[in-house]
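Just so it is clear, none of the values below were taken in a lab; they were calculated from the coordinates. Keep in mind it's a predicted model, so treat the numbers as computed, not measured. Note that each Cβ is placed from the backbone with ideal geometry, even for glycine, and that neighbours are counted across all protein chains shown.
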Ligand SMILES: NC(=O)c1ccc[n+]([C@@H]2O[C@H](COP(=O)([O-])OP(=O)(O)OC[C@H]3O[C@@H](n4cnc5c(N)ncnc54)[C@H](O)[C@@H]3O)[C@@H](O)[C@H]2O)c1
């Protein structure tokens, strides 16, 4: 099968590379010529573990190529995936669908033979129907089916998630469309991956409901953590105690500085907006959004309190600024709220992050980037651990403390045990532990 993937971001590139690894003939298209030039040289524009190797292997096998020329890519394609961004539209929370509709109208000009157009981007319910309508307006005679195939991969574990997903969700209207999708994902059925075949609206809704539920789980646990701090309970023990209940499950129960990233913030906002538009407000989701926004700001207060209410003239080492470990993605990262606020209150900030510098340089003006955590801590008054990269999980706390001027360690991911941190000399603050 010849597949065209429109958009080579975190989702499109991983999907395209993995489809080629399934044995399909894949052409990845992006209108960003610099990105395509990099990919043609075998360079991966994002940091995603294992992607460079898989890309090199499939390019060498002749199954994977990159271009800015959509017309050329479309010749003979059986399926075209739309994997462009759907960021929040400025001002009101709605998903900006201009890239999706732009791609649909563009691809419609180059259709020949039966083609399945699949939306992989996260799009509000009703979008695929509008995609079909716009394609028909440009190419009324084209032989086209549309399908919704939302993606659930996590950045940082994207290849594993794509190759071994919990499930594949597909919204279709025709047997022909279902057959093409089944053909594309055939290698996963050999591994007995469940496939949820639904109508198109349900597939669109499944993606938003899943992300909103996960964001709710995180936010719920963050509020429980705050209450633990006040009552003497330990949130780690509480998480284990409830997570072993099969109805709840152990994942997404880790308290922290609030969720960020390219998906949860924009998808919860878009879902809440959809609810308002249909006069069915989603009050739980709206509350989750508000609680999470407030949480990022509350983390600043936590640091200020740990530092004795004074940041002016003091130096802080910040460990981890990407929205989570194993990615270079900074979109909506809690660090983007926390770090500027610390600088605003007079602190000098040194940032250490294994992959954050490329994106972070423009987003965090005024910080000093340091590669080594011990060097970042040298002479500092405090350390704030925001993102739990492995590089920050096994630090020699005695050495770290010895390098510092002060003794404050604010651990927003509960990476360390209070006892071990205090034994190393730290005045230690974490989340949800008295
Ligand atoms: N990032 C994730 O972890 C994740 C996970 C699941 C779903 N999603 C969803 O997948 C979609 C893509 O997300 P992303 O993070 O990969 O986005 P991204 O911003 O990293 O990449 C989007 C790419 O599309 C390209 N593009 C835009 N319009 C184009 C056009 N008309 N023709 C060709 N290329 C075009 C852009 O140049 C860019 O390279 C979003 O809807 C997102 O919600 C993302």
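Things to note:
- Taking 0.36 nm per residue of separation and subtracting the current Cα-Cα distance, fully stretching the chain between residue 43 and residue 312 would add 92.6 nm.
- Cα pair distances exceeding 19 angstrom across segment 358-434, given as percent: 35 percent
- Relative contact order (percent, whole number), segment 310-429, Cα cutoff 8 Å, 6+ residue spacing: 27 percent
- Its DSSP H runs of at least 4 residues, each contributing -39,500 (n - 2.57), put the calculated 222 nm mean residue ellipticity of the chain at -13500 deg cm²/dmol, to the nearest 500.
- Here segment 15-44 is scanned for amide nitrogen atoms under 13 Å from the site 7 Å beyond the Cα of residue 61 along Cα-to-Cβ, giving 17-26.
- Relative contact order of segment 118-247: 25 percent, from C-alpha pairs under 8 Å at least 6 residues apart in sequence.
- Springs join every pair of Cα atoms under 10 Å in this Gaussian network model of the chain, and among 139, 362, 233 the largest mean-square fluctuation is at 362.
- Here the Gaussian network model covers the chain, with springs between Cα atoms less than 10 Å apart; of 273, 314, 176, 176 fluctuates the most.
- Between residue 420 and residue 179, the modelled label-to-label distance comes to 5.8 nm, taking each label 7 Å out from Cα in the direction of the beta carbon.
- Acute angle (nearest 10 degrees) that the helix 98-108 long axis makes with the longest principal axis of the chain, alpha-carbon atoms: 20 degrees
- Simple label model, 7 Å out from Cα along Cβ direction - residue 193 to residue 298, nm: 3.8 nm
- Build a GNM of the chain with springs between Cα atoms under 10 Å apart, and of 401, 110, 278 the one that fluctuates most is 278.
- Ranked packing of 253-265, 387-399, most packed first, by mean Cβ within 10 Å: 253-265, 387-399
- Applying 1/(1 + (r/R0)^6) with R0 = 35 Å to the Cβ-Cβ distance of residue 1 and residue 278 gives a FRET efficiency near 0.40.
- Based on Cα contacts under 8 Å between residues 6+ apart, the chain shows a relative contact order of 12 percent.
- Inter-label distance, nm, simple model (7 Å from Cα along the C-beta direction), residue 248/residue 186: 4.5 nm
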